[in-house]
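Data block below; observations after.
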Amino acid sequence: MSTKIKQPNLVVGPAPATAPTPLTRQEMQRQLVFQVRERLVSDLRSLGSLSDTEMVQRKIAGAFIEVLGESGLVLTRSEREQVLERASAEILGYGPLDPLLHDDTITEIMANGPDQVYIERGGKIELTPHVFDDAAHLMRIIERIVVPLGRRVDEASPMVDARLPDGSRVNAIIPPLSLIGPVLTIRKFSRVPFGVAELISMGTCSDELIEFLQACVRARLNIVVSGGTGSGKTTLLNVLSSFIPDDERIITIEDAAELQLHQEHLVTLEARPANLEGQGQITIRQLVINALRMRPDRIIVGEVRGGEALDMLQAMNTGHDGSLTTAHSNSPRDTVRRLETMVLMAGMDLPLRAIREQVASAINLIVHVQRMRDGSRKVVEVAEVSGMEGEVVLLQDIFLFRETGKGTAVEGRLEATGVRPKFAERVAKAGYELRPEVFGYVRCK
Ligand SMILES: Nc1ncnc2c1ncn2[C@@H]1O[C@H](COP(=O)(O)OP(=O)(O)O)[C@@H](O)[C@H]1O
Ligand SMILES: [Mg+2]
């Protein structure tokens, strides 16, 4: 068998002006991939959808055998596998990005034009050997990401935000805005969010707090997780949601799907921004209203920011209890104030007292998380919304974080205030006894 690589018979692109120079093996593979794709273009177009991946894989393998036979090339077994893999990635996936997307140690992918693909791994940026054939190739991959989402990217709209099916956030910006060709940035979605064990080992929650929160979720209390940006609200909401029993119908509503729940009966909804013409927006608020017609046992709203707060409060007050959400705030007291403001944003012109009554009767518990000066996240306050006194919404602290150290690393613990929440009886009736130890001295590493 000759080891010399023969030229492929098929000529790709414009014919070279001079005699062809021998191709490197890498270029050879690239051409094979290209030819497999070309051969399948019309076939696949007639299919309409690539959802039957097995069938498409078979077609790819068939086309590859044909192309390889016609080219007269001899490839090693591993080269054959590589070409086949790359052809599948081209046709079914995101081309050269596929292996990077599958590598869980990579947190960010940045293509600066077709010839430079950087990644971030462990906080460090590295240049990869992965490249695109040319700018048109990179554009094709960008389009494959954004077109199924009803977005487009072209000279008229050269910037776009999108998301991959796994939740990774994508931004693309192309010429004429970018002077180095299409630029694609992918922030990969972390596949495994923190769970109970991590929250405890990182000192965010104590065992007792988890036991308490689990009982509260199961007993269908309405809970708001509050905190600043990046304080770990969504992460904690995800953990709280995981306590919902399997036999309940859960509807999640988010701006960008971040929650990762494992219950079987789960409907995930995502709001949609307006398109470039300013149309087609679907707000969180519309989704909340729609969710009420979907027979939910639980409604989980990723974050309340505006008028949807009113619809959520109304839902909580009309039998849809056990709802969970997060809100941006500086303390549980501030959370109540912000909820009032958000309700006003619904534009219903309600008197303040009526709004406060809604808040007081809807929300049972506010769990406040904070990003501490040493970077750790801690639950620093857990307050019951215990009712109204005059015009004021009453808050009763059940747990408070008390700092013991003075160093840069935050030391201290979440302590029970000794107050037994009013809802303790309700929780007990639902069959989740809150052990007295939980309200005793609560440890937090
Ligand atoms: N309990 C925690 N301990 C340490 N880091 C955390 C914790 N919770 C979240 N993080 C990290 O903080 C960042 C923001 O978390 P997220 O839950 O999205 O915050 P928020 O919703 O408040 O903006 C993420 O990178 C996440 O990995
Ligand atoms: Mg969040």
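The values are calculated or read from the model by the stated rules, or taken from the named source; none is laboratory data. Not measured: the values here are computed from a predicted model. Because the Cβ atoms are built from the backbone with ideal geometry, glycine has one as well, and the counts that use them run over all protein chains shown. Ligands, DNA and RNA are excluded from the accessible area calculation, which covers all protein heavy atoms including side chains. Shrake-Rupley method; radii C 1.70, N 1.55, O 1.52, S 1.80 Å.
Out of curiosity, is ASP166 of a type in the set (D, E, K, R) and either surrounded by fewer than 16 Cβ atoms within 10 Å (Cβ to Cβ) or within 25 Å of GLY278 (Cβ to Cβ) (or both)? Yes.
Determine the pairs where a residue that is in contact (Cβ under 8 Å) with a residue 60 or more places away in the chain, located within the range 307-323, has a partner that is assigned to a helix (DSSP H, G or I) and open to solvent by 10 Å² or more (accessible area, probe 1.4 Å) with Cβ atoms under 6 Å apart, the partner being 6 or more residues away or on another chain. Sorted first by the residue in the range 307-323, then by its partner, the pairs are SER323/MET316. Scan the range 118-153 for residues that are over 26 Å from ARG37 (Cα atoms) and either assigned by TED's automatic domain parsing to the domain that holds GLN279 or modelled with pLDDT of 90 or more (or both) and the total you get is 3.
Hey, does the range 353-368 have a residue that's open to solvent by 70 Å² or more (accessible area, probe 1.4 Å), at pLDDT below 90 and hydroxyl-bearing (Ser, Thr, Tyr)? No, the conditions are met nowhere in the range 353-368. All of ARG338, ARG333 fail the test of being among the charged types (D, E, K, R), within 16 Å of ligand 1 (Cβ to nearest atom) and under 29 Å from the mean Cα position of the chain (by Cα), apart from ARG338. Highlighted here are the strands (runs of 3 or more DSSP E) found entirely within the range 176-255 that include at least 1 residues which are within 16 Å of ligand 2 (Cβ to nearest atom) and closer than 19 Å to GLY375 by Cα: 223-227.
Here the range 58-86 is the region considered, the condition is being touching a residue at least 24 places away in the same chain (Cβ under 8 Å) and open to solvent by 80 Å² or more (accessible area, probe 1.4 Å), and the residue that is farthest from MET28 (Cα to Cα) is GLU66. The number of residues in the range 288-334 being open to solvent by less than 10 Å² (accessible area, probe 1.4 Å), under 18 Å from VAL382 (Cβ atoms) and within 16 Å of ligand 2 (Cβ to nearest atom) comes to 5. Check whether at least one residue in the range 264-282 is acidic (Asp, Glu) and without any contact (Cβ under 8 Å) to a residue 12 or more places away in the chain, and report yes or no. The answer is yes, given that some residue of the range 264-282 is acidic (Asp, Glu) and without any contact (Cβ under 8 Å) to a residue 12 or more places away in the chain.
When ALA346 is tested against the conditions (1) over 23 Å from VAL192 (Cα atoms); (2) modelled with pLDDT of 95 or more; (3) touching a Gly at 6+ places or on another chain (Cβ under 7 Å); (4) among the aliphatic types (A, V, I, L, M), the lone failure is (2). How many residues does the range 45-65 hold that are touching a helix residue (DSSP H, G or I) at 6+ places or on another chain (Cβ under 7 Å) and part of a helix (DSSP H, G or I)? Residues flagged as touching a helix residue (DSSP H, G or I) at 6+ places or on another chain (Cβ under 7 Å) and part of a helix (DSSP H, G or I) within the range 45-65 amount to 8.
The residues of the range 387-396 that are crowded, with 17+ Cβ neighbours inside 10 Å and either more than 18 Å from CYS216 (Cβ to Cβ) or free of Cβ contacts under 8 Å to residues at least 40 places away in the same chain (or both) amount to a single one, VAL393.
Criterion first (over 30 Å from ASP397 (Cβ atoms), exposed (fewer than 15 other Cβ atoms within 10 Å of the Cβ) and β-branched (Val, Ile, Thr)) does ILE180 satisfy it? Judged against the criteria, ILE180 is a match. In the condition set (1) assigned to a helix (DSSP H, G or I); (2) surrounded by fewer than 19 Cβ atoms within 10 Å (Cβ to Cβ); (3) not acidic (Asp, Glu), ALA89 is compliant with all but (2).
When the residues of the range 307-324 are filtered to those that are under 22 Å from ARG218 (Cα atoms), of a type in the set (A, V, I, L, M, F, W, C) and in contact with a strand residue (DSSP E or B) (Cβ under 9 Å, 6 or more places away or on another chain), which remaining residue is modelled with the highest pLDDT? Among them, the one singled out is LEU324.
Filtering the range 154-184 to residues that are of a type in the set (A, V, I, L, M), over 16 Å from the mean Cα position of the chain (by Cα) and either within 19 Å of GLU90 (Cβ to Cβ) or not assigned by TED's automatic domain parsing to the domain that holds LEU100 (or both) leaves ALA172, LEU184.
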